[in-house]
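The values are calculated or read from the model by the stated rules, or taken from the named source; none is laboratory data. Treat the numbers as computed from the prediction; the structure is a model and nothing was measured. Neighbour counts are summed over all protein chains in view; Cβ atoms, including those assigned to glycine, are modelled from backbone coordinates with ideal geometry.
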Amino acid sequence: MPWYKAGTVSVVQNSSTVTGAGTAFAANGRVGDAARLPDGGWYEVTNIASDTTMSIDPPYQGVTKTSGSYALAPMQGYVKDSADALRALINQFGGVLAVLGNIPTQVGVRDALGLASTDGLSEGAANLYFSASRAVASALTGLVTTTNSAVVAADSILVAAGKLQAQISARAAKGENGDITSLSGLTTALTLAQGGTGRTDGLAWGKLKGALTDQTDLVSALATKITGSKQGLITASVVFVGSGPTIINNFNVASITKVTTGIYDINFATPMDNTAFSVVGMACDDSAVQAIVYENGSNGSTRTLNKVRIVTGVPSGSTRDFSMINVIIVGGKN
C-alpha cells in the first residue's frame with residue numbers, strides 16, 4: 001500500500017499535534033500508522049481527529065516547521081487487526097451463517113431455513129397466512145349483506161358470501177310471509193287447511209279443469225260434468241233498462257235489440273241447443289203502474305236458437321219501456 005503524502009504539515013517542537021494543509025488524514029490514515037515528519041523522524045499516529053488534524057507520539061522532537069513535507073506509512077499491524085476482526089466476526093455470527101447454509105441464493109437460504117413452503121413457519125398473531133382452524137374462526141369483518149345480486153367470478157369470498165346471504169334473506173321464510181305473489185312448480189298439493197284443494201289434478205268432483213275466469217266459464221265447465229237432462233238449468237239471464245236498452249247485468253246474453261217501444265230481441269251469446277226453453281220476466285219503474293212481460297208471437301213463433309223476443313207493457317194492452325226489466329231463460333240445452 002503506498003504511503004500518503006498529499007499536502008503539507010505544520011508542527012511545533014514538543015507538541016503532539018500535527019496540522020495539515022491540503023490533507024485528508026481521515027480517509028487515508030489509521031491509528032497505528034508511522035508518520036515521517038519534517039525533522040526526518042518517525043512517529044506513531046495515536047489519533048486522527050479530522051482530515052487536517054492528527055496526534056503523534058512522542059511529541060515532535062525537531063524544530064518548529066510550517067508547510068513541511070511528511071509521509072504516512074501503513075504498518076504490518078493491519079494484517080493482525082484484520083485477522084482479529086475476522087475472528088471476532090466468526091465468533092459472533094458463525095452460528096448464524098451456518099444456519100443460512102452454503103448455497104448463496106434465495107432458494108438455497110430458504111431451503112436451509114426450512115422455508116421452501118409455509119410448512120416451516122409457525123402461526124403467529126400477524127402472519128400473512130392462516131392455518132385451517134384459524135381461517136374457520138376468522139371474523140367476517142366488512143361483510144355486507146344488502147346486495148341481492150348474482151355472484152360473479154370477480155367477487156371476493158367476502159363479497160360473494162354477502163350476496164348469498166342477501167339472496168337467502170330475500171326468500172320466503174318459515175312462518176307468516178306477506179310478500180309471496182305466486183307459487184309455481186309445486187309437486188305436493190296444498191291441503192284444505194293450507195288454502196288448497198288437497199289435489200294436484202283439479203277439483204275433487206270429476207276433476208273439474210280449465211280456466212274459470214267468469215260465470216260463462218263456470219257454466220261451461222259444469223256442463224261437461226252434469227249428467228242427464230239440462231232443461232232445468234238457467235241458460236241465460238239479463239237485467240236492462242228498456243229505454244236504451246242498456247244492459248245492467250247479464251249471463252249468456254250478447255246484446256239486446258229494441259224493435260220498438262216495449263218490444264226487444266234478447267240475443268244469446270252462446271246459441272241454445274233447442275228452442276224448448278222457458279221465458280220468465282218481470283218489469284218495474286218508479287210509477288205504480290202494473291207491468292206485464294210476455295214472449296212475442298203465438299206458440300213461440302219468434303224464438304230461435306239465437307234469440308227470443310219479449311214484450312213489456314201494461315194490462316190495458318199498450319207497450320211501455322220500463323226502467324228495469326228482468327228476463328230469465330230456463331232450458332234449451334240438451
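Points to keep in mind about this one:
- Hits in region 319-334 (condition: over 21 Å from Phe251 (Cα atoms) and either hydrophobic (A, V, I, L, M, F, W, C) or surrounded by fewer than 20 Cβ atoms within 10 Å (Cβ to Cβ) (or both)): Thr319, Arg320
- Within region 95-150, the residues that satisfy the criterion of being among the hydrophobic types (A, V, I, L, M, F, W, C) and under 30 Å from Ala170 (Cα atoms) are Ala135, Val136, Ala137, Ala139, Leu140, Leu143, Val144, Ala150.
- Taken over region 23-52, the criterion of being assigned to a strand (DSSP E or B) and farther than 10 Å from Val9 by Cβ is satisfied by Ala34, Arg36, Trp42, Tyr43, Glu44, Val45, Thr46, Asn47, Ile48.
- Of the residues contained in region 2-17, one or more are found to be touching a strand residue (DSSP E or B) at 6+ places or on another chain (Cβ under 7 Å), in a loop (DSSP other than H, G, I, E, B) and of a type outside the set (Gly, Ala, Ser).
- The residues listed here are Thr275, Thr261, Thr246; of these, the one that is of a type outside the set (Lys, Arg) and in contact with an Asp or Glu (Cβ under 7 Å, 6 or more places away or on another chain) is Thr261.
- Scanning region 16-31 for residues that are more than 14 Å from Ala6 (Cβ to Cβ) and loosely packed, with under 14 Cβ neighbours inside 10 Å turns up just one, Val31.
- Those residues of region 121-148 which are farther than 30 Å from Gln106 by Cβ and surrounded by 10 or more Cβ atoms within 10 Å (Cβ to Cβ), in sequence order: Leu140, Leu143, Val144, Thr145, Thr147, Asn148
- Against the list (1) aliphatic (A, V, I, L, M); (2) without any contact (Cβ under 8 Å) to a residue 60 or more places away in the chain; (3) out of contact with any Pro (no Cβ under 8 Å at 6 or more places or on another chain), the condition Ala73 fails is (2).
- Residue list for region 78-120, restricted to those being more than 59 Å from the chain's Cα centre (by Cα) and surrounded by 12 or more Cβ atoms within 10 Å (Cβ to Cβ): Tyr78, Asp81
- Residue count, region 277-318 (criterion: over 22 Å from Asn334 (Cβ atoms), surrounded by 14 or more Cβ atoms within 10 Å (Cβ to Cβ) and among the small types (Gly, Ala, Ser)): 4
- One residue from Val259, Val253, Val280 being within 60 Å of the chain's Cα centre (by Cα) and either under 13 Å from Val308 (Cβ atoms) or of a type in the set (A, V, I, L, M) (or both): Val253
- Screening Leu37 on (1) in contact with a helix residue (DSSP H, G or I) (Cβ under 7 Å, 6 or more places away or on another chain); (2) within 17 Å of Pro2 (Cα to Cα) shows it passes everything except condition (1).
- Yes/no for Phe268 being modelled with pLDDT of 95 or more, in contact with a strand residue (DSSP E or B) (Cβ under 6 Å, 6 or more places away or on another chain) and either of a type in the set (Gly, Ala, Ser) or more than 19 Å from Phe322 (Cβ to Cβ) (or both): yes
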